[in-house]
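Undergrad: Would you mind keeping the following structure in view while I ask a few things?
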Amino acid sequence: MIDAASSAAARVQLTSDGRLRHFIDIEGLPKALLTEILDTADSFRGVQDAQVKKVPLLRGRTVANLFFENSTRTRATFELAAKRLSADVLSLDIQTSSTAKGETLLDTLNNLEAMQADAFVVRHSDSGAAHFIASQVTPNVAIINAGDGRHAHPTQAMLDMLTIRRHKGAFENLKVAIIGDILHSRVARSQVLALNTLGVAEIRVIAPRTLLPVDVEDWRCQVFTRLQEGLEDADVVIALRLQKERMDGALLPSENEFYRHYGLTQESLAWAHPEAIVMHPGPINRGVEIESAVADGPQAVILDQVTNGIAVRMAVLSMAVSGQTQSRARQRAS
Amino acid sequence: MPLPDIPPLLDAMVADLETIIDEHDLDRQRLALVGIHTGGVWIADVLHRRLALPTPLGTLDIGFWRDDFSHQGLPENIRTSHLPFDVDDRDLVLVDDVVMSGRTIRAALNELFDYGRPRRVLLAALITLPGRELPIQPDVCGARLDLPAGERVKLSGPEPLSLSLVTQTREIS
């Protein structure tokens, strides 16, 4: 059953014939489309073997990175993804640009649209920012959500799905455990949605009660507060970053206390399946959510996630710009 | 219009390639075949076995190099290109099933040069059709066909390989 929220999300993101035109949230996107993103990203992984790691798909197009919130890895990989598609890339650090002089967000976006940008990659601390821009401000520019508040980080979820698929093959029989700061994590929410859509057998989130969102029971996953129970025989273990900058209350006694109970160490990893892979969206707080020996160990695929991030971002950028192009062609024809 | 049987066409292509290898004194140890997905890979696979070349077969999917993204958008089901050898300074034979406009070959050459600088690239095609839009001609060709306007030829395979006529719906080949 598609509920009202997911069909609204689908309406904004998809063209009338079901192709991607914005990429804002995993919610509402069908399994076939997520699989198409993974397949396309896999093909882009192949391009990374060539001496020239570029394809000419977005030659003459412009991609604007609009980061209203700090980011290093996401911003760098989006920039590289757009450049590897041969697009011209504009990276704006909004805190230091016109908005600081009093220009409103709407004016900034309308100006960029007037400069004929084809895609906006948007990161914002407000949940729903990317959706607002796609539905209300510039619907004819492909909007890619690079993280909005606590809401969603869909490209991170998809690069995680690509990493899982490349290491584990099919999704159906996997047990996937996500550990840590679920409360503040837009990554966890997007991951659980993607894992469910792709048909993963068992999805577990593991956290202290204070770091679980109140609506976690509606997430279609199992909830554990004890690390050992949650990790038991898991095929994929994802440690999340403890988001210290978003902690505005006394949610944890101390980082040491968190590490003692929820830290992914060599000892605790032994509870998972012996061939389990270890993932982390970065940046890593070593000794807080993960032990260095695990982060750098043989089961870690954390740097592979970064490489896959470029391929996934190339896939969604090219698919969304393609969807917008075809929508416009149809509008002109009718 | 009757379409030709494929085995004699493949025989002719193998013989022509043998002649070219001798005439140009190409190094068999380093000569590599590169098939263009999908039909070109099937043909290249047969030629590769018949010529008994030691270098493994390369495959290209030119989906990301097509020139019609603005009109058609991203093609579906793009496979990973796979060139399991160093392209630099190597003699290559690009293989496709049907050459018509020449745009696929243009895209394939662009992609190929992103992997390195080959010494020489030859082109082999099972069938060529009139309708060239670029200055591209195969060095080796199984058969040249003249089809009525709007008709195309399609290769099915890989086992058995067979040709059939279809009404044209796609714009490049």
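Undergrad: Looking at region A:263-282 only, could you name the residues that are crowded, with 20+ Cβ neighbours inside 10 Å, not small (Gly, Ala, Ser) and not in a helix (DSSP H, G or I)?
TA: Once the filter is applied, which keeps residues that are crowded, with 20+ Cβ neighbours inside 10 Å, not small (Gly, Ala, Ser) and not in a helix (DSSP H, G or I), region A:263-282 yields A:264, A:277, A:278, A:279, A:280, A:281.
Undergrad: Please work out if residue B:94 is at negative phi, at pLDDT 95 or above, more than 9 Å from chain A (Cβ to nearest Cβ) and touching a helix residue (DSSP H, G or I) at 6+ places or on another chain (Cβ under 7 Å).
TA: yes
Undergrad: Only one residue in A:155, A:163, A:225, A:210 is among the polar types (S, T, N, Q), farther than 19 Å from residue A:8 by Cα and at pLDDT below 95. Which one?
TA: Of A:155, A:163, A:225, A:210, the one residue that is among the polar types (S, T, N, Q), farther than 19 Å from residue A:8 by Cα and at pLDDT below 95 is A:210.
Undergrad: What number of residues within region B:111-138 are more than 14 Å from chain A (Cβ to nearest Cβ), in a loop (DSSP other than H, G, I, E, B) and more than 19 Å from residue B:8 (Cβ to Cβ)?
TA: Of the residues in that region, 9 qualify.
Undergrad: Being touching a Lys or Arg at 6+ places or on another chain (Cβ under 9 Å) and touching a residue at least 60 places away in the same chain (Cβ under 8 Å) is the filter here, so list the residues in region B:98-113 that pass it.
TA: Matches in region B:98-113: B:98, B:99, B:100, B:101, B:103, B:104.
Undergrad: Just the residues that are in a loop (DSSP other than H, G, I, E, B) and either surrounded by 24 or more Cβ atoms within 10 Å (Cβ to Cβ) or modelled with pLDDT under 95 (or both), please, taken from region A:172-181.
TA: A:180, A:181
Undergrad: Let me ask something additional. Checking residue A:261 against (1) within 17 Å of residue A:182 (Cβ to Cβ); (2) free of Cβ contacts under 8 Å to residues at least 40 places away in the same chain, which test does it fail?
TA: (2)
Undergrad: Going by what's in this entry, would residue A:23 be described as in contact (Cβ under 8 Å) with a residue 24 or more places away in the chain, within 14 Å of another protein chain (Cβ to nearest Cβ) and not hydroxyl-bearing (Ser, Thr, Tyr)?
TA: So residue A:23 passes the test.
Undergrad: Please work out if residue A:54 is surrounded by fewer than 20 Cβ atoms within 10 Å (Cβ to Cβ) and either among the aromatic types (Phe, Trp, Tyr) or within 14 Å of chain B (Cβ to nearest Cβ) (or both).
TA: yes
Undergrad: Of everything in region A:283-305, what is touching a Leu at 6+ places or on another chain (Cβ under 9 Å), in a loop (DSSP other than H, G, I, E, B) and farther than 18 Å from residue A:166 by Cα? Give them in sequence order.
TA: A:285, A:288, A:289, A:291, A:297
Undergrad: Please state which of the following conditions residue B:157 fails to meet, knowing it meets all the rest: (1) within 23 Å of residue A:47 (Cα to Cα); (2) in contact with a helix residue (DSSP H, G or I) (Cβ under 7 Å, 6 or more places away or on another chain); (3) away from chain A (no Cβ under 14 Å).
TA: If we test residue B:157 against (1) within 23 Å of residue A:47 (Cα to Cα); (2) in contact with a helix residue (DSSP H, G or I) (Cβ under 7 Å, 6 or more places away or on another chain); (3) away from chain A (no Cβ under 14 Å), just (1) comes out false.
Undergrad: Here is a follow-up. Return the pairs, sorted by first residue and then second, in which the second residue is β-branched (Val, Ile, Thr), the first residue lies in region B:46-67 and is touching a residue at least 60 places away in the same chain (Cβ under 8 Å), the beta carbons are less than 7 Å apart, and the residues are 6+ apart or on different chains.
TA: Taking only residues 6 or more apart or on different chains, the pairs are B:47/B:14; B:47/B:95.
The values are calculated or read from the model by the stated rules, or taken from the named source; none is laboratory data. Predicted, not measured: the structure shown is a model, and the values here were computed from it. Cβ sites come from the backbone with ideal geometry, for glycine too, and all protein chains shown count toward neighbours.
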